[in-house]
């Protein structure tokens, strides 16, 4: 259970849908970061960041979307420790952000980024927008885990870090278990990151999210004090998996952003 698809299988799947998928592994400060790309290299970038566990293919429908492809270079990454980015070796938020931020510099095409993060990818997206304020057009948070008070790591998680018990945890759940245990502490240290985010922020969340409570929305609105604009979209009776259940609404938002200067 590794929550990933091979590059060859992915390229075939996209080819069958009439879309060219490019797959890459770029070494950043000795770390192998795996990512995929569709669309035109000269367009602004949609950067998708998955949750925990997961991999780039959580966003494959967006990478194939004919409307988005007309306006964006679309990229989805395997976060450090997941997919094909040094699978199994978890990092905290700051470590992940440092690697991804350096990678963003390496792929810069002089066009802005729109950064989209789901679940655990939400706070990571915040850190990236904070690190790149001059090159981030918008920040989109999908059911993002932002509020440290809402994070209640289970007491049994530390036990699973101990060898050999850690190796009894299957596949992608091992790095997920580790990074989620440290998430509460990571979130507490993000106050300065929020103050550095100046772009418009779009928060989308379901009221019936049992994994990342809707209360995260109020916390986010309080913390983004320097943002040009904060827009909240509430999905009544919707759960945590709005990436898939609300794909149309998310795609419509991204299309709308493509027409804004």
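Among 45, 245, which comes first, then next, by fewest other beta-carbon atoms within 10 Å?
The most exposed by this proxy come first: 245, 45.
So how far apart, in nm, are the two label points at residue 13 and residue 40 if each is 7 Å from Cα heading toward Cβ?
Here the modelled spin labels are 2.7 nm apart.
Under 11 Å from the 7 Å Cα→Cβ point of residue 256, by amide nitrogen: which residues of the stretch 218-241?
Correct set: 231-234.
Let me know the shape class of the stretch 1-135, please: from the alpha-carbon gyration tensor, a ≥ b ≥ c as square roots of the eigenvalues, rounded when a/c is under 1.5, otherwise prolate if a/b is greater than b/c, or oblate.
Values: a/c = 1.64, a/b = 1.13, b/c = 1.45.
Oblate is the answer for the stretch 1-135, as a/c is 1.5 or above yet b/c matches or exceeds a/b.
Laboratory data are not the source of any read-out in this text; all were calculated from the coordinates shown. Owing to the predicted nature of the structure, the values given are computational and were not obtained by experimental measurement. In this analysis, Cβ positions are derived from the backbone assuming ideal geometry, glycine residues included, and neighbour counts consider all displayed protein chains.
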